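Presented below is the structure to which this report refers.
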Amino acid sequence: MTNTQKNLVLVVVFGLTLPLAVVVSTHLAGRTFERVRMRDQTVSVKGSAERLIHADRATWAFSLSARDPVLKSGYAKVEADRKLTFERLAALGLKTEAISAAPVQYKELHPTDKEGHETNAVEGYVVSQSFSVSSADVDLVEKASIEACTLIKDGVQLEAEQPKFLCANLADLKLELLAKATANARDRAKQLIGESGIRLGAVRSASQGVFQITRPDSVDSSAGGEYDTTGKDKVIRGIVTLEYAIE
C-alpha cells in the first residue's frame, strides 16, 4: 500500500471515530455538569416543636395607701393596714419572707384657685407603700391575690395587680425544643424528597425563630415572641429553619 493510500485510510478512520468521540465527551461533560449542579442545589425546611408546661413561680404586686390632712397620721394608717394585710396573708400560708417592701412614699395635696391653678398651700398628704410577692407556690400566690382584696371592706386602701405566672427553667426548655425542632425539620426534608433517589447532605445553614409562650388554647404570636404570664398552664413553641445540601 502506498503512502497516499495509507493517509486516505487514516482520514476515513478519523472521520468515522470523531462523531463518536464528540458524543462520548459531550455525555461525560453533561454528567459532570449535572453532578456539579446537584451539589449546588439545596432544600430548605422548617421544623417545629412544642410542649405543655406549668408555671413554677408566681409574682404579685400590691400597694397600700392612705390620705390624711396630717402626714404622721397618714403614715400610721399605712402601718396599721400593712400589719393587718400581712396577718391576713400569713393566715393563708404566705410567709413574710416571700414579701418584699419598698420604702414608704408620700406626696402633698395642693388645692387649686378659682382659675384651676394649683396653689402652694398644703391641704393633705397621700402616703403609700408598694409590696411584691415571689413564691414557687403558684396556687398560694393566686389565692392570696384574690383573698387580699377582701381587706377593702375593712377600710384598707389596697390596689393589687394581677399575679404573673412564670417558668424559671426556660433556658433548658428552649434547648430541648430546639433539638426536637431540628429533628422535625430533618424528617420533613426526608419526606419532601421522598423516593426521588436524592440524598440529604450536610446542613448548609440554620436559623432559629422566636419562641412563643402562650395559653394552651391561644393562637397568639408576634415577631418578637409571646410570653403569656396570665395563666399557670402554657404551651411553648419553637421553630427552626434548616437548609440541606442534596446529593
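The values are calculated or read from the model by the stated rules, or taken from the named source; none is laboratory data. Because the structure is a prediction, the values reported are computed rather than measured. For neighbour counting, all protein chains shown are included, and Cβ atoms are generated from backbone atoms with ideal geometry for every residue, glycine included.
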TODO: Check region 237-245 and report whether any residue there is farther than 30 Å from GLN41 by Cα, among the hydroxyl-bearing types (Ser, Thr, Tyr) and in a strand (DSSP E or B).
DONE: no
Open item on the list: With the structure loaded, tell me whether GLY93 is out of contact with any strand residue (DSSP E or B) (no Cβ under 9 Å at 6 or more places or on another chain) and modelled with pLDDT under 95 or whether it fails that test.
Closed with: no
Task: Output for region 122-166, where each listed residue is in contact with a strand residue (DSSP E or B) (Cβ under 8 Å, 6 or more places away or on another chain), within 14 Å of LEU92 (Cβ to Cβ) and of a type in the set (Asp, Glu) - done: ASP137, GLU142
Task: Selection within region 192-207 - modelled with pLDDT under 90 and among the polar types (S, T, N, Q) - done: SER196
TODO: Filter region 208-247 down to residues that are modelled with pLDDT under 90 and of a type in the set (A, V, I, L, M) and give me whichever is farthest from ALA168 (Cα to Cα).
DONE: ILE246
Open item on the list: Going by what's in this entry, would ASP217 be described as closer than 28 Å to LEU140 by Cα and loosely packed, with under 14 Cβ neighbours inside 10 Å?
Closed with: yes
